[in-house]
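Right, one structure below, let's go through it.
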Amino acid sequence: MSGNAILVVGGGFSGITAALEAAEMGYEVILVEKNPYLGGRVAQLNQYFPKLCPPSCGLEIQFQRIRSNPNVKVITMAQVTKVSGQAGNFDVTLSIKPRFVNEKCTGCNACAEAAETKVPCEFDLGMGQRKVAFRPNLFAFPMRYVFEKNRCSEAEAKKIEASCKYGAIDLADQERTQTFKVGAVVEATGWKPYDMSKLENLGAGKLKNVISNMQMERLCAPNGPTGGLLLRPSDKAAPKRIAFVQCAGSRDENHLNYCSYICCMASLKQATYVRERVPEALVTIYYIDLRTPGRYQKFLEKVSADDKLTLVKGKVAELTESASGKVLATVENVDTGIKNVEEFDLVVLATGMQPSTAGEAVAVNTPRDEEGFFIGSPDSGVIATGCAKLPLDVMRSAQAATGAALKAIQTVAGR
């Protein structure tokens with residue numbers, strides 16, 4: 001790679017967009033992702049705004065663009081460990097974890113069938129299990145399996161190796177480093193859900209039938225742990241009364257001192273999931289303010305017209321669990337002033353959007369604010385975009401990523 005190359009850190013929707021926009025302008029791009037697949041949080045969703053289409057709809061188009069563009073070099077299971085230099089002349093070092101599955105993989109699933117050991121599935125946010133040899137997700141890119149050799153016995157590893165008639169299982173694979181020269185760096189490291197264990201008054205992640213909004217997406221996704229059926233975790237029964245708790249960690253000086261932007265819209269969207277899957281269910285959304293920016297106001301009006309949906313302006317003070325596994329919500333209705341304890345089969349916390357690198361050291365020497373969002377500076381050659389910079393929805397993430405690609409091109413042009 002030359003000094004005119006651009007490094008994009010993060011293979012979610014923002015990173016993919018920035019990489020493709022720069023590559024289609026003729027620039028070499030290295031797209032680095034720590035997971036074994038591209039797509040980020042969008043890949044985990046059931047549907048996303050504004051068209052409420054499945055993630056495969058938007059991502060597959062992007063994957064096709066990557067396949068047809070030789071300017072994009074994709075490196076998965078990799079992290080940037082060192083960046084030195086200055087705008088127009090950066091030296092970058094990557095650490096690449098062993099996948100134990102090489103390019104001969106055809107996705108035949110024989111390795112997963114041979115595997116016996118099961119572990120919690122990260123893609124399903126711990127709600128399901130997967131084998132130690134696995135396909136990262138249904139429409140993963142690259143479409144190559146992963147084998148976690150260190151999580152099973154040597155005998156099982158040999159059995160998995162023998163199962164592949166294409167010779168794709170490589171037990172000798174090792175962690176390695178790779179270095180590049182680039183002219184600009186785009187930080188598109190995305191976001192993570194706020195840790196529910198920190199929300200002690202809302203159950204601290206210990207109540208069986210209290211889940212996060214991202215877990216709700218996985219429950220309702222056709223490729224999720226229940227095949228798209230909305231079943232509460234404790235007994236796999238269809239919930240008949242469901243509550244959504246807004247600002248679970250957001251707009252709170254003890255947690256995230258800002259609005260996470262997408263949470264209100266996510267809960268309204270998920271209310272439609274409930275109505276599609278359990279038509280007789282009653283839904284309550286507890287909120288401080290309902291924030292539906294721009295044209296999303298129309299979506300609020302449409303969803304709130306449902307007579308089985310109740311919007312209550314009030315902050316949930318506490319969630320506890322009854323002996324029967326029901327969730328008890330202590331909440332005060334701001335409009336009436338009445339404080340009640342309501343009983344629900346399932347409660348969904350609209351957990352806040354936190355930068356994925358919050359609380360972690362990063363190799364790129366660029367400023368971050370107190371919440372962990374990248375501030376960045378085009379003059380430094382490091383450009384932050386997407387949810388690494390501020391909370392955004394998918395559409396605005398793509399728009400911001402296009403702008404970041406242009407700034408990266410301006411940094412390297414003519415050098």
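The values are calculated or read from the model by the stated rules, or taken from the named source; none is laboratory data. The structure presented is a predicted model; accordingly, all values stated were derived computationally and were not measured. Ideal geometry is used to build each Cβ from the backbone, glycine not excepted, and the neighbour counts take in all protein chains shown. All accessible areas refer to the heavy atoms of the entire protein, side chains included, with ligands and DNA or RNA removed. Shrake-Rupley method; radii C 1.70, N 1.55, O 1.52, S 1.80 Å.
Hand me the trypsin sites (Lys or Arg not before Pro) from the range 248-314 located in a DSSP loop with no more than 12 other Cβ atoms within 10 Å, in residue order please.
Numbers: sites: Arg251, Lys269, Arg275, Arg277, Arg291, Arg295, Lys298, Lys302, Lys308, Lys313; in loops: Arg251, Arg291, Arg295, Lys308.
Of the trypsin sites (Lys or Arg not before Pro), the ones in loops of the range 248-314 whose Cβ has at most 12 other Cβ atoms within 10 Å are Arg295.
Going 7 Å from the Cα of Lys34 in the Cα-to-Cβ direction, what parts of the range 375-390 have a backbone nitrogen less than 19 Å from that spot?
It comes to 375-376, 383-390, nothing else.
Based on DSSP H runs of at least 4 residues, each adding -39500 (n - 2.57), what is the mean residue ellipticity at 222 nm of the chain after dividing by all its residues, to the nearest 500 deg cm²/dmol?
Values: 8 runs with 90 residues, N = 415.
Mean residue ellipticity at 222 nm (helix-derived): -6500 deg cm²/dmol.
Tell me the label-point distance for the pair Glu113, Thr402, using the 7 Å Cα-to-Cβ offset, in nm and rounded to one decimal.
It is 4.5 nm.
Would you mind working out the magnitude of the charge dipole of the chain relative to its Cα centre, with +1 at each Lys and Arg C-beta and -1 at each Asp and Glu C-beta, to the nearest 20 Debye? Mind dumping the intermediate values first?
Working: 49 positive and 44 negative charges, 162 e Å.
With only Lys, Arg, Asp and Glu charged at Cβ, the dipole is about 780 debye.
In the chain, carbon and sulfur make up what percent of the accessible area (probe 1.4 Å)? Working shown, then result.
Details: 8940 of 18150 Å².
Looking at the chain in its full context, I get 49 percent from C and S.
Compare Met216, Met196 by solvent-accessible area with a 1.4 Å probe and give them largest first, with all protein chains kept in place. Write down the numbers at each step before the final one.
On the way: Met216 0, Met196 30 Å².
Largest accessible area first, the residues go Met196, Met216.
Please get the size of the charge dipole for the range 73-211, origin at its Cα centre, with Cβ charges of +1 on Lys and Arg and -1 on Asp and Glu, quoted in debye to the nearest 20. Kindly include the intermediate steps, with their values, before the conclusion.
Values: 21 positive and 16 negative charges, 25 e Å.
With only Lys, Arg, Asp and Glu charged at Cβ, the dipole is about 120 debye.
Taking only C-alpha pairs under 8 Å that are 6+ residues apart, what is the relative contact order of the chain in percent? List each step's numbers first, then the result.
Working: 935 pairs, mean separation 83.1, N = 415.
Over the chain, the number comes to 20 percent.
In whole Hz and in residue order, list the ³J(HN,Hα) couplings for the range 153-161 that follow from phi through the Karplus curve 6.51 cos²θ - 1.76 cosθ + 1.60, θ = phi - 60°; x for Gly and Pro.
After applying 6.51 cos²θ - 1.76 cosθ + 1.60, I find 6, 5, 5, 5, 4, 5, 5, 5, 4 Hz.
For a quick size check, give me the Cα extents of the range 1-114 along its three principal axes, largest first, whole Å.
45, 39, 23
Just in the range 233-292: which GluC sites (Glu not before Pro) are loop by DSSP and have at most 11 other Cβ atoms within 10 Å? Mind showing how you got there, number by number?
On the way: sites: Glu253, Glu276, Glu280; in loops: Glu253, Glu280.
Taking the range 233-292 and a limit of 11 other Cβ atoms within 10 Å, the loop GluC sites (Glu not before Pro) found are Glu253, Glu280.
May I ask you to list the chymotrypsin sites (Phe, Trp or Tyr not before Pro) in the range 157-208 that are in a DSSP loop and have at most 16 other Cβ atoms within 10 Å of their Cβ?
Working: sites: Tyr166, Phe180, Trp191, Tyr194; in loops: Tyr166, Tyr194.
Answer in residue order: Tyr166.
With every protein chain kept in place and ligands, DNA and RNA left out, what is the accessible area per residue of the chain? Probe 1.4 Å, answer in Å². Write out the running numbers ahead of the final one.
Working: 18150 Å² over 415 residues.
So the chain comes to 44 Å² accessible per residue, rounded to a whole number.
Could you run the Karplus curve 6.51 cos²θ - 1.76 cosθ + 1.60 with θ = phi - 60° over the range 389-404 and give me ³J(HN,Hα) per residue in whole Hz, x for Gly and Pro?
Using θ = phi - 60°, the values come out as 9, 6, x, 9, 8, 5, 4, 6, 4, 5, 4, 5, 5, 5, x, 5 Hz.
Cys53 to Leu300: extension gain in nm, 0.36 nm per residue of separation minus the Cα-Cα distance?
On the way: separation 247, 0.36 × 247 = 88.92 nm, distance 1.77 nm.
Once the chain is fully extended between Cys53 and Leu300, it gains 87.1 nm.
Unpartnered cysteines of the chain (Cβ-Cβ under 4.7 Å counts as a partner)?
Cysteines of the chain left without a disulfide-compatible partner: Cys105, Cys108, Cys111, Cys121, Cys152, Cys164, Cys220, Cys247, Cys259, Cys263, Cys264, Cys387.
Each residue of the range 15-21 in turn: what ³J(HN,Hα) in whole Hz from Karplus with 6.51, -1.76, 1.60 and θ = phi - 60°, glycine and Pro shown as x?
For the range 15-21, the Karplus-derived couplings read x, 4, 4, 4, 4, 5, 4 Hz, x marking Gly and Pro.
Per q in 0.09, 0.16 Å⁻¹, report the Debye log10 I(q)/I(0) for the range 159-311, using one uniform scatterer on each alpha carbon and no solvent.
-0.46, -0.96
List every residue whose amide H lies under 5 Å from the amide H of Lys192, counting only residues 5 or more places away in sequence or on a different chain, with H placed 1.01 Å from N in the peptide plane.
Those lying under 5 Å, H to H, from Lys192 are Gln354, Ser356.
Non-local amide H neighbours of Ala384 (under 5 Å, H modeled in plane, Pro and chain starts lacking H): which ones?
Under 5 Å from the amide H of Ala384: Glu187, Ser377.
For the range 289-407, what is the charge dipole size about the Cα centre, in debye to the nearest 20, if Lys and Arg each add +1 at the Cβ and Asp and Glu each add -1 at the Cβ?
520 debye
Add +1 for every Lys or Arg and -1 for every Asp or Glu among the other residues with Cβ under 9 Å from the Cβ of Pro50, and state the total. Can you show the working numbers first?
Details: positive: Lys51, Arg295; negative: Asp393.
After counting each charged neighbour, the total is +1.
Average projected area of the Cα convex hull of the chain, in nm²? Display every interim value, and only then the final one.
Details: hull surface 83.5 nm².
Taking a quarter of the hull surface, the average projection is 20.9 nm².
So what are the three principal axis dimensions of the range 145-220 from its Cα atoms, in whole Å, longest to shortest?
Computed over the range 145-220, the largest-to-smallest principal extents equal 50, 45, 23 Å.
Relative contact order of the range 1-82, please, whole-number percent, based on alpha carbon pairs below 8 angstrom and at least 6 residues apart.
On the way: 128 pairs, mean separation 29.3, N = 82.
The normalised contact order for the range 1-82 reaches 36 percent.
In Å, what is the Rg of the alpha-carbon atoms in the range 123-177, and how long is Dmax?
When restricted to Cα atoms, the range 123-177 yields Rg and Dmax of 12.4, 33 Å.
Given Lys208/Lys315; Lys118/Lys192; Lys51/Lys118; Lys34/Lys269, which pairs have Cα atoms separated by over 26 Å?
On the way: Lys208/Lys315 21 Å; Lys118/Lys192 24 Å; Lys51/Lys118 36 Å; Lys34/Lys269 29 Å.
Flagged as over cut-off: Lys51/Lys118; Lys34/Lys269.
Please compute the Cα-Cα pair-distance distribution of the range 1-40 with 5 Å bins starting at 0, giving whole percents from short to long.
Reading upward from the zero bin: 6, 29, 31, 20, 11, 3.
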